[in-house]
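So the structure is just underneath, and the comments pick up after that.
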Amino acid sequence: AQTPHVTLHLIRCLFDGSPKFVPSLTNYNRLIDQLCKQFEPDVAHKVLMDMMSRGHFPSVVSYTTLINGYCEYGDLGAAFKLFAEMYKKGVKPNSLCYSVLVGGVFRTRDVKCGKKLMNYLWECMICGDDPSTKCAAFANIVDILCREGFFQEVFQIAEDMPQGRSVLDEFAYSQMIDS
């Protein structure tokens with residue numbers, strides 16, 4: 001639909017017409033993303049809750065999308081609360097999720113907390129995740145740091161390479177230059 005609200009209204013009409021109808025996880029995730037891009041993470045959170053009430057279990061994508069929405073909106077408290085909820089629900093955050101949360105922290109200029117969380121990001125990148133997720137997380141964190149003016153942090157990453165071999169050096173350096 002033209003707006004996420006029209007899509008949400010349509011889905012609610014489908015629920016009324018066919019109570020057993022349940023959108024796919026992908027459709028829910030897309031709707032959550034669209035609502036977050038409209039700066040309505042609270043409405044997106046209600047969609048997440050509705051999704052769970054209908055038997056879908058949110059994935060790391062669902063949570064990361066909503067955490068990003070809260071970070072973009074400036075509600076870091078809600079983002080951290082949702083991050084903690086992930087663990088309680090048994091959903092393990094991946095490196096992209098960490099990078100989104102780190103980005104939200106750096107947007108608030110809390111460098112100490114941002115650096116602490118970045119250590120978790122590097123551990124997550126070294127220990128797990130698929131290569132494309134690692135690359136997305138690295139690109140995201142470097143882009144956020146540059147956008148927020150934390151060039152010194154990017155220079156430190158270039159010097160220390162804390163992500164280890166989780167991303168290729170060529171990719172890491174080209175991402176830093178591009179950002």
Report task. With springs connecting C-alpha atoms under 10 Å apart, model the chain as a Gaussian network and identify which of 130, 16, 110 has the largest mean-square fluctuation. Result -> 16
Query raised in the report: So how tilted is helix 41-53 from the main axis of the chain? Cα-based, degrees 0 to 90, rounded to 10.
Result: 60 degrees
Report task. Calculate, in nm to one decimal, what residue 2 and residue 112 gain on full extension: separation in residues at 0.36 nm each, minus their alpha carbon distance. Result -> 35.5 nm
Query raised in the report: Which lysines have a Cα less than 16 Å from the Cα of residue 81, not counting those fewer than 8 places away in the same chain?
Result: 46, 89, 92
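Over the chain, average the accessible area per residue using a 1.4 Å probe and give it in Å², no decimals.
Ligands and nucleic acids excluded, the result is 54 Å² per residue.
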Report summary line: In degrees rounded to 10, the 0-90 angle between helix 131-147 Cα long axis and the longest Cα principal axis of the chain is 70 degrees
Report summary line: If every Lys and Arg gets +1 and every Asp and Glu gets -1 at its Cβ, then about the Cα centre the range 79-153 yields a dipole, in debye to the nearest 20, of 300 debye
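Roughly how big is the chain's charge dipole about its Cα centre, with Cβ charges of +1 (Lys, Arg) and -1 (Asp, Glu), in debye to the nearest 20?
Roughly 680 debye, rounded to the nearest 20.
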Query - Cα shape, the range 33-101, gyration tensor, a/c 1.5 rule - result: oblate
Report task. Grab the Cα-Cα distance for residue 59 and residue 127, subtract it from 0.36 nm times how many residues apart they are, and report the gain in nm with one decimal. Result -> 22.5 nm
Report summary line: Which of (1) 0.96; (2) 1.11; (3) 1.02 is the computed Rg/Rh (Cα atoms, Kirkwood Rh)? It is (3)
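Please give the calculated 222 nm ellipticity per residue for the chain, where each DSSP H segment of at least 4 residues contributes -39500 (n - 2.57) and the sum is spread over every residue; nearest 500 deg cm²/dmol?
Value at 222 nm, helices only, nearest 500: -24000 deg cm²/dmol.
The values are calculated or read from the model by the stated rules, or taken from the named source; none is laboratory data. Small disclaimer: the values here were computed from a predicted structure and weren't measured. With ideal geometry, Cβ positions are generated from the backbone for all residues, glycine too; neighbour counts draw on all protein chains shown. These accessible areas exclude ligands, DNA and RNA; they are computed on the full protein's heavy atoms, side chains included. Shrake-Rupley method; radii C 1.70, N 1.55, O 1.52, S 1.80 Å.
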